[in-house]
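Down below is the structure, laid out as structure tokens.
The values are calculated or read from the model by the stated rules, or taken from the named source; none is laboratory data. It should be emphasised that the depicted structure is a prediction, and the values quoted were computed from it without experimental measurement. So basically every Cβ, Gly included, is an ideal-geometry build from the backbone, and we count neighbours across all protein chains shown. All accessible areas refer to the heavy atoms of the entire protein, side chains included, with ligands and DNA or RNA removed. Shrake-Rupley method; radii C 1.70, N 1.55, O 1.52, S 1.80 Å.
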Amino acid sequence: MGSWPGDFSLDSRMGAACFLLVSGFLSLQLPPSGCQQSSGPVNPFPMPIPGAGLGGQGGELLPHFLLEPEDVFIVKNKPVTLSCKATPATQIYFKCNGEWVHQTDHAIQHSADRSTGLPVMEVRIEISRQQVEKIFGLEEYWCHCVAWSSSGTSKSQKAFIRIAYLRKNFEKEPVSREVSLDQEVTLLCQPPEGIPPAEVEWLKNEDVLDPELDSNLFIGTDHSLILRQARLADTGNYTCVAKNIVARRRSASAAITVYVSGGWTEWSYWSSCTSDCTHRRSRDCTQPAPRNGGQECPGLGTETRNCTNELCMHSAAAVGAPEDVALYVGVVAVAVFLVLLLAVILVCWRRKEGLDADVADSSILTAAFQPVSLKPGKAGQAHLLTIQPDLSTATMTYQGSLCLRQDGGNKFQLTNGHLLPPMGPGIPREHSHTLPRLSTQTYFRTLPRGSNNMAYGTFNFLGGRLKIPNTGLSLLIPPDAIPRGKIYEIYLTLHKQEDMRLPLAGCQTLLGPIVSCGPPGVVLTQPVIISMDHCLEPSPENWTVRLKKQSCEGSWEDVLQVDGGSPSHLYYCQLETRSCYLFTEQLGRFALVGESLSMSATKRLKLLLFAPTSCTSLEYSLRVYCITDTQDAMKEVVQLEKQQGGQLLDEPRLLHFKDSYHNLRLSVHDMHSTMWKSKLLASYQEIPFYHIWNGVHDNLHCTFTLERFSLSTCELSCRVWVWQVEGDGQSFNININLNKENRPPEILLDDGGKEAAALVGPSAFKIPFLMRQKIITGLDEPSSHGADWRVLAQKLNLESHLGFLLSKSSPTAILLNLWEAQNFPNGNLARLAAAVAEIGKQDSLMYMMSEAEC
């Protein structure tokens with residue numbers, strides 16, 4: 001490790017355990033032991049020393065980080081240093097890719113804060129290229145530090161360590177061209193692959209080009225150099241240069257030659273007639289003169305014709321024979337006669353065909369409906385939005401393979417390598433907004449009624465159900481959950497994520513809606529069940545799923561680890577493919593949060609394509625939404641588009657979004673270039689990874705504005721692609737007629753909006769009350785034959801959660817309540833009765849259910 005500046009040192013005497021006296025605290029410091037997935041390392045158990053200056057002050061605060069590790073790049077073989085500083089802190093250790101860094105690899109410095117006197121600790125570690133390369137290609141190398149105080153632990157942000165490089169070969173290089181004066185020129189450049197991504201600059205004859213100093217130049221977001229109107233001075237050799245912290249690469253130079261084709265001057269006046277009865281005129285190819293290989297002027301520079309006026313005839317008579325004059329007069333007379341005859345024939349033919357003789361050319365009628373070739377404005381009038389670079393080459397050139405899956409019509413998967421050029425810094429992106437922390441005073445205030453994201457009702461011991469239509473969210477209040485003699489007015493609310501302050505750190509992501517049920521503090525004798533959608537692709541090896549609950553002070557706390565965590569008597573979560581069922585005896589605000597354990601962890605996104613129902617202008621907009629695959633998110637978008645007059649153009653698509661730190665890209669392809677153009681200056685748009693994974697934005701979407709060249713164009717055919725870089729992708733096929741009413745696909749949500757939001761008493765349950773009581777009485781008591789509630793739990797696939805059921809006074813009632821939450825209102829009650837009857841055959845004391853009771 002070597003030595004650090006200042007007072008940093010490595011204490012080689014630190015063994016398996018050591019005692020440190022830091023700012024008045026004696027603590028037993030235990031080194032981390034190997035690889036641990038737990039977020040709670042060994043506790044240092046600090047003990048205050050009587051008479052010390054700080055007393056117990058240090059034990060009242062959690063560590064606060066003054067310095068956190070930041071992302072760094074390893075250049076060549078030079079190791080990098082990560083630093084971490086916290087107060088009050090009795091020990092700090094780094095953890096890299098889930099494994100503790102050995103204590104001897106830490107350089108440690110102790111001090112005290114001058115203003116508070118609290119202990120301050122700073123540590124540093126070095127990361128070598130060899131350490132990173134051990135896992136390179138599987139996942140990214142990351143580290144964070146954990147700080148201890150007498151009150152607990154705190155974790156810093158993650159710092160990612162990446163090996164910097166820059167490939168040698170450009171993905172695309174500029175090509176030499178010969179262009180005419182005032183022509184728009186696009187020089188393509190896609191820099192080599194590199195980390196960090198290379199910056200690009202352009203050279204002309206080895207001089208750096210600056211678009212801010214020359215309004216005729218424009219560098220696009222895909223790094224293309226655009227000459228808006230080629231000038232003679234633009235002739236030269238152009239080179240694209242890519243550079244990052246590792247290296248500087250030059251593309252092959254492209255020679256641009258701006259040529260000028262020749263142009264004629266005006267004709268001179270006709271000369272006087274010569275003795276042979278002719279006169280002449282001439283013009284010069286000097287306006288402009290041909291340059292740089294431009295074409296010569298077409299045609300002749302001189303013209304000669306016979307003299308036909310009276311002056312010329314007299315001159316001819318004076319010098320020639322009379323028969324020559326007669327010959328010329330005869331030729332002219334015949335020519336005039338033929339012209340008149342042709343005109344008469346043309347008029348007669350048009351009248352025969354029923355056309356008006358005043359119409360000289362039928363093309364006049366159709367000229368207004370022909371496609372128009374638009375040219376960019378002059379340099380002084382140009383604007384970035386009106387100058388469209390030629391991106392046809394960029395959007396139709398692919399790298400990697402595009403493989404259509406056999407199990408999906410329009411679904412495809414991409415291999416490594418970019419489908420399109422990397423996006424530059426100029427493309428507009430989504431921006432995060434910081435929301436104020438939730439106010440403690442307003443946390444549990446009365447919620448406004450009448451919202452379409454809220455349901456409420458009055459309930460007693462008979463129980464009931466609350467449901468927010470078309471969201472997948474409901475609350476089941478079982479019979480006897482409310483004590484007899486009590487009447488509660490209970491509400492259920494769905495919150496927008498952007499309106500809530502739910503802190504997410506590192507690899508955490510929200511898996512479903514944030515929901516509230518209340519009022520908090522009411523007494524329940526049985527757990528209620530909250531049913532809601534989630535977007536998780538379950539896999540225990542890739543995810544840790546936790547249930548979070550917000551306290552009265554506004555902070556979010558982990559109250560349950562789903563599947564594998566310590567059991568809880570107050571909470572239980574049944575996680576299924578698309579839904580989860582939360583048992584809770586305490587009402588409040590809840591959220592289901594997942595923390596990915598590898599880059600193979602995926603969550604489901606729903607892709608929706610909308611466009612206006614009608615179009616009367618040249619512009620037509622496509623909106624692509626990328627939302628979580630939950631009914632509440634779908635409902636939000638549908639309502640928003642209904643207000644904006646939008647219609648769904650194609651069936652929704654499902655995309656599996658990986659925790660790979662790669663962004664989501666969207667692009668439009670296969671559009672008829674002679675009828676439509678995209679107003680997007682780049683090849684694609686992009687939604688940053690973190691805006692999707694742990695952002696606070698609802699209804700994330702991108703808009704593509706298309707423009708038709710003529711109002712007579714009504715057919716639009718194209719394809720919209722949405723894909724995660726080096727991940728899953730989907731496509732939409734668009735074939736519509738703007739002048740016809742298109743029948744949009746229907747979005748089917750699982751629960752209809754016709755049902756009542758609140759159901760009270762027996763109408764809220766599928767199982768009749770008498771049948772329920774018989775099942776509970778027959779299965780709650782242990783049976784010597786094993787015919788009890790455990791068999792029912794096995795049939796309902798709940799045998800792995802017996803601990804939670806055993807903690808309840810009636811395990812059978814809990815099982816039936818879950819069945820109600822899963823199967824209301826369309827569950828097969830006869831199948832449940834048959835399963836219970838089959839259990840009853842094992843015990844003669846078991847009540848048998850009749851068909852009438854079902």
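With 0.36 nm allotted per residue and the present C-alpha distance subtracted, the R114-T278 stretch has 48.1 nm of extension available. Cross-link pairs exceeding 31 Å in C-alpha to C-alpha distance, out of K204/K658; K496/K658; K95/K603, comprise K204/K658. Take the stretch 480-601 with all the other protein chains still there, run a 1.4 Å probe, and you get 38 Å² of accessible area per residue.
Assuming a ≥ b ≥ c are the square roots of the Cα gyration tensor eigenvalues, decide whether the stretch 585-670 counts as rounded (a/c under 1.5), prolate (otherwise, with a/b larger than b/c) or oblate.
Here the stretch 585-670 falls in the oblate category.
The listed peptides 158-166, 711-719, ordered by packing as a protection proxy, come out as 158-166, 711-719 (highest mean of other Cβ atoms within 10 Å first).
Which of the three applies to the stretch 161-250, rounded, prolate or oblate, going by the alpha-carbon gyration tensor with a ≥ b ≥ c and a/c under 1.5 meaning rounded? Judged from the Cα gyration tensor, the stretch 161-250 comes out prolate (a/c at least 1.5, a/b above b/c). Ligands, DNA and RNA left out, the accessible area of the stretch 99-167 computed with a 1.4 Å probe is 45% carbon and sulfur. Of the trypsin sites (Lys or Arg not before Pro) found in the stretch 224-306, no site is in coil according to DSSP while having at most 12 other Cβ atoms within 10 Å of its Cβ. The stretch between N733 and D71 holds 234.3 nm of extra length on full extension. This uses 0.36 nm per residue minus the Cα-Cα distance.
Assigning unit charges at the beta carbon (Lys, Arg +1; Asp, Glu -1) and nothing else, what dipole magnitude in debye, to the nearest 20, does the stretch 88-135 show about its Cα centre?
Working: 5 positive and 6 negative charges, 9 e Å.
I would put it at about 40 debye.
Within the stretch 211-268, the chymotrypsin sites (Phe, Trp or Tyr not before Pro) that combine a DSSP coil assignment with at most 13 other C-beta atoms in a 10 angstrom radius are W267. Given a 1.4 Å probe and the protein chains as shown, H110 ends up with an accessible area of around 90 Å².
So what's the net charge close to C714: Lys and Arg +1, Asp and Glu -1, counting the other residues with Cβ under 11 Å from its Cβ? Net local charge, C714 excluded: +1. Within straight-line reach of K795, meaning a Cα separation under 17 Å, sit the following lysines at least 8 residues removed in sequence or on another chain: K841. The residues of the stretch 102-165 expose on average 45 square angstrom of accessible surface per residue, using a 1.4 Å probe on protein heavy atoms.
Of interest is the spacing of the C-alpha centroids, which for the stretch 590-642 and the stretch 188-229 amounts to 35 Å. Rounded to the nearest 20 debye, the dipole magnitude of the stretch 575-653 is 40 debye, with +1 charges on Lys and Arg beta carbons, -1 on Asp and Glu beta carbons, and the Cα centre as origin. With the simple spin-label model, which puts each label point 7 Å out from Cα in the Cβ direction, the L654 to T286 separation comes to 7.8 nm. The loop-placed GluC sites (Glu not before Pro) in the stretch 548-638, going by DSSP, that have at most 14 neighbouring Cβ atoms within 10 Å of their Cβ come out as E553, E576. For D210, the shell of other residues with beta-carbons less than 12 Å away shows a net charge of -3, using +1 for Lys and Arg and -1 for Asp and Glu. Extension gain for the segment E212 to Q157, taken as residue separation times 0.36 nm less the Cα-Cα distance, is 15.9 nm to one decimal.
For the stretch 547-684, averaging the sequence separation of C-alpha pairs within contact (under 8 Å, six or more residues apart) and dividing by the residue count gives a relative contact order of 20 percent.
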